[in-house]
1. Before we move on, is residue 123 modelled with pLDDT under 70 and under 24 Å from residue 278 (Cα atoms)?
2. Which number in (1) touching a residue at least 60 places away in the same chain (Cβ under 8 Å); (2) under 28 Å from residue 471 (Cα atoms) marks the one condition that residue 686 misses?
3. Are there any pairs with C-beta distances below 7 angstrom linking a residue in the range 342-371 that is under 27 Å from residue 386 (Cβ atoms) and open to solvent by 20 Å² or more (accessible area, probe 1.4 Å) to a residue that is charged (D, E, K, R) and assigned to a loop (DSSP other than H, G, I, E, B), with the two at least 6 apart or on different chains, and if so which?
4. Considering only the range 529-553, state which residues are open to solvent by less than 10 Å² (accessible area, probe 1.4 Å), assigned to a helix (DSSP H, G or I) and within 13 Å of residue 587 (Cα to Cα).
5. Can you tell me how many residues in the range 404-433 are modelled with pLDDT under 65 and on the phi > 0 side of the Ramachandran plot?
6. Might you let me know whether the range 556-567 holds any residue that is in contact (Cβ under 8 Å) with a residue 40 or more places away in the chain and touching a Phe, Trp or Tyr at 6+ places or on another chain (Cβ under 9 Å)?
7. I'd like the full set of residues that are surrounded by 21 or more Cβ atoms within 10 Å (Cβ to Cβ) and more than 16 Å from residue 197 (Cβ to Cβ), limited to the range 240-258.
8. Given the criteria in contact (Cβ under 8 Å) with a residue 12 or more places away in the chain, part of a strand (DSSP E or B) and within 26 Å of residue 229 (Cβ to Cβ), does residue 140 qualify?
Amino acid sequence: MAPQLKSFTMIRFYAGVMALAMLLPLSLSAFETIGNITHYTALYPEDEIPFKQNSFHQDYENFYVRRTLTKHRRYLRLFMANTYKEFWHRFKRLFSNRHPCDLPHHTEKLLEKIIAQEQQRLLNREYVLNLHPQEGDTFIIWGNLQGAFHSFARGIEELHRQGIIDTNLRLAPNHYLIVNGNLIGSSAFNLELFTLFATLMVKNRDRVWYVRGERAILDNWRATGLAEEIAVVSGGATDVIHKLGNLIDAFFTMLPKAIYLTAPSQTIDSHIIKITGLYQDDTTVDQAFFAQLAEHKDLGTVLFVDDPSLAQVKVPKGYQVDVVIKNNDSITNFVKTDGLTFLIPENGSTNWSVFSSPTQLNRVVNHFMYDAFVKIKIEPTFEATTVKLYNRNMESKEPFNNSQSYFLYSGLVNATDGTNHIPGKALQVAALLDLTDGRKATGFDIARGITTALIAHNNPAPGTKQWLQPLIMDKQYHQPASIATTMFFPAIADPCLHNHPSVVSYRPSFMAELKALLAYATQHEGESESFGFFYPDDEFGRALAKAGQAVLQARGASSIVMLPYNKNNLHFNEVIHNFKQTEIDNLICIATSVPMRTFIEEVGVQSLMKTTLYGLSLLNGLTFQRFAAHIGLKIICSNVVPNPTTSPIPLIVAYRACMDQRGYSYSTYSLEGFIVTSLLFDAIAHIPGKIDEAALKSYFTSLKEYDFEGLSLNYDAESDTLSKKIWISTTGHTDWELFEGRITDAAVDTSAAPATP
């Protein structure tokens, strides 16, 4: 062997030994310090990973392989260099791209520690945590992270900068850290995030928690890419893959289904904060929690919820979850956010969502660009407890922003200019909406309008003691008599609430809408045309259809066909047969969107082309209107609000601005919710002295020719409504007609139907 080649071979040998010696300690370091985290995030920047636009299923295998070469084999490639230049290049690359740890091995050891600590306490049972925070305690909460390792790492570094986490990742006293929802998701860095979070759990036992999300149910985590990452990074070692997979399964089964924060000394009327990782709440968890809460004053930490008998226990009187903190459903129902969102209040609870996942997917699909977490500061009283968002815009690259603080319970802004005040007692206002049956989309659409108006108006000046707290309740489970102390404003006119002492309806009744549609139809189509009524065969549908039939008979209609259907069995064979056997020029649809859509799909669009369809405002939901427009079906509908998209009325312009800020679509339902809620704020501003149900009722009944930001209101004692105006719209047309026609129908009984559809 030539002396020069022999010399180069020796250099390669000694350099390789030195490199191996230097790499060995790194296998033990993992993410043990802030320095380890900073080094790794710099080594593998999040935006250098290939990303397929418009795809929910990313393939990161090449990245995993490249990283594996860095970790296991790159130092061996030093021996394969053929020239001094190549050797020196690989030598420098070795030390500038070193991997901080053997992730699968280290994660395995961390999970073994966590599971060993928790198995005895949890006994493999479903449970929730009940924590008793003290005054001054701070809870730091991330929402869905979905594999956003770099974002979480930047958040941890920010907490280090604030003195909340030390260099060795230990939390300062009186601080707790919670990830609420899905830790892993569509990302190339699931294993890194999982390892970092497990490290925090081991170093801060009983002060770092992970609340179960959808990915922790059964083996859903295997669909996130974490399983593939483990397989590739471990070099395909089946024993490592199998063992780590079993440990992750065990870890996820040990996560709490929810965390409840209660007062240190539990009393019957204590306030409770619930943190849940699921977007749709699990009420059986509440039932089990409250069943045990009623019996145990000194609760400790763990409450088991998998006892079947507990699910049958009703919530004891006086117990209430006042605040719910959930995560943002990132794909199907994402709400525009900067990290913290005030959600639709439900059943007496103030709802917030925290979202913390600026992954490549969420930046493209949801345009979410923030590193984000929140702090909840426990104050001496529940009303004074605050929530504050800390976020960082990834586009501007500026440091974390200490943004606006809010009172957790009321959602009101906590001013920072020295005028801070704790809001007084709320004026509770109930809206009974359909939230669980076939019309739940409508109910939540109305609730979005209510919430948007609350955010726009619900910030009283310092010293003002009145603010609004909506109780948005499912009418399937609540009746007016069960909420006797609450002021009602039914956004959708519910005849069963007419003559209720606490009710003034904004909108005209369904009967008024029907009369307007019939007048419009006879004026535009001619009195000799044939008509049909498609309606549910119940008290509501029969009353409206009978009244409409009498109106048309009085007007001399040549043919009237009645097409009742069973709303509990949406199969329209008989209805369709009768429809096709007759010539119906105008079909009046007294139906909600679900049966109407089903009827259209079963009868076929072609069969309806020669028929003009008319519908009440029940058909004005976004989903149905988009369906009708998509299939090219013309439907003429009555509306009790102006066009939410184009109306120049100042109140409607303000509505659009507020909805834009929230990222919501415009709709007649949400506009109606916005109007009725804005009306309540207007009443509060004009009522001197005490504001209660009697004062509100008196104010509304006094309104005559009142110009409410461009809307004309005029209380009518006979119908107990504030507005009689009805607009006529046609699918696909932006111009709406304000209908002013009248029908003489004095001989016809047009009293309100006794129940809603």
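The values are calculated or read from the model by the stated rules, or taken from the named source; none is laboratory data. Predicted model only: the values in this text are computed from it and were never measured. Heads up, the Cβs are rebuilt from the backbone with ideal geometry, glycines too, and the neighbour counts pull from every protein chain shown. SASA here: full protein model, heavy atoms, side chains in, ligands and nucleic acids out. Shrake-Rupley method; radii C 1.70, N 1.55, O 1.52, S 1.80 Å.
1. Numbers: modelled with pLDDT under 70: yes; under 24 Å from residue 278 (Cα atoms): yes.
For residue 123, the condition - modelled with pLDDT under 70 and under 24 Å from residue 278 (Cα atoms) - is met.
2. With (1) touching a residue at least 60 places away in the same chain (Cβ under 8 Å); (2) under 28 Å from residue 471 (Cα atoms) applied to residue 686, the lone miss is (1).
3. 369/395; 370/338
4. Listed by number, the residues that qualify are 545, 548, 552.
5. 1
6. Of all residues in the range 556-567, those in contact (Cβ under 8 Å) with a residue 40 or more places away in the chain come to 567.
Narrowing the set further to residues that are touching a Phe, Trp or Tyr at 6+ places or on another chain (Cβ under 9 Å) leaves none.
Looking for residues that are in contact (Cβ under 8 Å) with a residue 40 or more places away in the chain and touching a Phe, Trp or Tyr at 6+ places or on another chain (Cβ under 9 Å), one finds none in the range 556-567, hence no.
7. 257, 258
8. On the way: in contact (Cβ under 8 Å) with a residue 12 or more places away in the chain: yes; part of a strand (DSSP E or B): yes; within 26 Å of residue 229 (Cβ to Cβ): no.
No.
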